[in-house]
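Before any comments, here is the structure.
The values are calculated or read from the model by the stated rules, or taken from the named source; none is laboratory data. Note that the coordinates shown come from a computational prediction; the quantities given were computed from them, not determined experimentally. Note: ideal-geometry Cβ built from the backbone for every residue, glycine included; neighbour counts use all protein chains shown. These area figures cover heavy atoms from the full protein model, side chains too; ligands, DNA and RNA do not enter into them. Shrake-Rupley method; radii C 1.70, N 1.55, O 1.52, S 1.80 Å.
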Amino acid sequence: MATKTPLRPSLQREYSSILIQSSHQIRRATLLRRPKRPYTFTQLITLSDGSSFLHRTTSPIPVYRSTKDIKNSPLWNPSSKKLLNVEEDEAGRLRAFRARFGRGWDAETPVEAEETSEDRKEESKTEPEDSLMDLITGYGQKPQKIKAASSSKKGTADGAGKAKGGKK
Amino acid sequence: MVLYELRTGAPAILRRDAQALFQSTRTCCRRYASSTATEELEQTSSFSTPDPSEDIIKNYDPIARSRKRSVQLPPSRYQFRPPKYYRGPLHPHQPPHPSDPSSREFIPGPFTLPRLEQTYESTIAPDLMTLTYTHFPPGYRAPEKSERLRTWRGDSPYFKNRPLRGPRGGDALRLLRKPITFRNIPRITGVTIHSMVKEAKEDSAYLHVAGMVMQAISNVKVKTHVAKSSVAQWGLREGKYISATAHLKQEDAFHFLSKCVDVVLPRIKDWKGLKGSTGDSSGNLNFGLTPEAVALFPEIEINYDMYPPKMIPGCNIIIHTTARTDRDARLLIRAIGFPFYGKLVD
């Protein structure tokens, strides 16, 4: 056994008397101490699924009810769908919000395969925003690009410009 | 004896001078304990003594005598009291063995049959034996292994009678893994909870609190340890009390492990499990708990106010098993309910 057992004096061999090289042998008395043990109570542990078992503990409370334990922890129940951390987003509003305002880690959420057709329409309606990196890299060039686009547009579509102005 | 001495001494007296004569007379005066003892010996045997007389037998009534007593005898007259001190193997009054209930060092128990132990006996042990079984068809011969400690081979005459060479690649002689049968299924032999409290070198209160916490979660008395050597970088001085250890065995160990698995570990935030590379390559696994995790134990939680919150220690927990390799130990620990993460190293 690897654990160190507390050697009890009455079982210890006497090396001290052998080691001491004196003219006469000395053997002092060893006090046999009574082992001290903390007081323990029997406690009933009730797990979150209702199963229970008894154990000995220093805690004086007779019944311990746990809310989070092995029965409802996802690490121990990897196949349980109930415990999976899935957001309830049936209408797709949270996802739409993320698509519009999501930045960084939030923008990279993978598009789920099981999408409704309505969701897809919504996705197409909302313009895909530039990611954060694009904003940084294209900071200086952007006004020029817009200018170029507006100059090309001016010749072709005047009515659109008028309509815009009217809206404003 | 005396006569014999005289008889042998007589010619010497004749031959030697006065000094020799004086010496022989002195030997004559010497007292022999055995010769006097033979005179004192009784001729009659105790076996031939007659039975007690009739009236003694008639008057012998211990029940009436005890009834007649107004005050009870002190308990020391009824029960055996073992000696308080052990005075060495040659002392006539020896203390009883610690396994004797009358011994001062007797530790009673076990008081319960832990749930984990029952599970081990009924489920885990047979499973482990099945999992570690390797089938050898009849007539199979194991390939010859190279010798564990190598002999010195060569022409040098100095190789003769040399002690064997150590293993390749290091000094450590690894444990031999024997095929697992019903006799040597890996089992848990104990748990060691250890905590080195850095702050204890300035303020011993930290170590006291650590001891209290560890005793509360483990059900056993803790042992404190002093620093063996000074380390200037850590500000550690030799002889200072800095760490505490609790050694749990059988019942306590099982209760502690099941408590950990069922209640404590699932509540730790973002706990991934035991590291896959843990182990001392001879079947003892180790993991650590942060102070926040230690505070989640039901015993600490129930009166959390008792402990100064900044003094609750983190601790290392070593699980001792009889497995010869980490692989087997991991199989056992995993069956008990400890998850592992990362690359598994054997």
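List of remarks:
- Annotation note: Cβ proximity below 7 Å between a residue of segment A:78-97 that is without any contact (Cβ under 8 Å) to a residue 12 or more places away in the chain and a residue that is open to solvent by 90 Å² or more (accessible area, probe 1.4 Å) and in a loop (DSSP other than H, G, I, E, B) (sequence gap 6+ or interchain) occurs for A:LEU94/A:GLU87.
- Note on segment B:234-318: enclosed helices (runs of 4 or more DSSP H) holding 1 or more residues that are away from chain A (no Cβ under 14 Å) are B:291-294.
- Among (1) more than 14 Å from chain A (Cβ to nearest Cβ); (2) open to solvent by 80 Å² or more (accessible area, probe 1.4 Å); (3) among the hydrophobic types (A, V, I, L, M, F, W, C), the one test that B:LEU149 misses: (2)
- Qualifying residue in segment B:324-343 (condition: out of contact with any Phe, Trp or Tyr (no Cβ under 8 Å at 6 or more places or on another chain), surrounded by fewer than 16 Cβ atoms within 10 Å (Cβ to Cβ) and at positive phi): yes
- Answer residue from segment B:77-102, given it is open to solvent by 60 Å² or more (accessible area, probe 1.4 Å) and outside any loop (DSSP other than H, G, I, E, B) and is farthest from the other protein chains (Cβ to nearest Cβ) among those: B:ARG77
- Qualifying positions in segment B:292-311 - open to solvent by less than 50 Å² (accessible area, probe 1.4 Å) and farther than 22 Å from B:SER204 by Cβ: B:ALA293, B:LEU296, B:PHE297, B:PRO298, B:GLU299
- Condition check for B:ASP155 on (1) farther than 27 Å from B:TYR307 by Cα; (2) open to solvent by 60 Å² or more (accessible area, probe 1.4 Å); (3) part of a strand (DSSP E or B): one failure, at (3).
- Test: residue in segment B:318-332 that is in contact (Cβ under 8 Å) with a residue 40 or more places away in the chain and under 19 Å from B:GLY211 (Cα atoms): yes
- Residue selected from segment A:49-64 under the condition in contact with a Lys or Arg (Cβ under 8 Å, 6 or more places away or on another chain) and open to solvent by 50 Å² or more (accessible area, probe 1.4 Å), by the criterion farthest from the other protein chains (Cβ to nearest Cβ): A:ASP49
- Consider segment B:191-244 and keep the residues that are on the phi > 0 side of the Ramachandran plot and in contact with a helix residue (DSSP H, G or I) (Cβ under 9 Å, 6 or more places away or on another chain). The one that is least open to solvent (accessible area, probe 1.4 Å) is B:ASN219.
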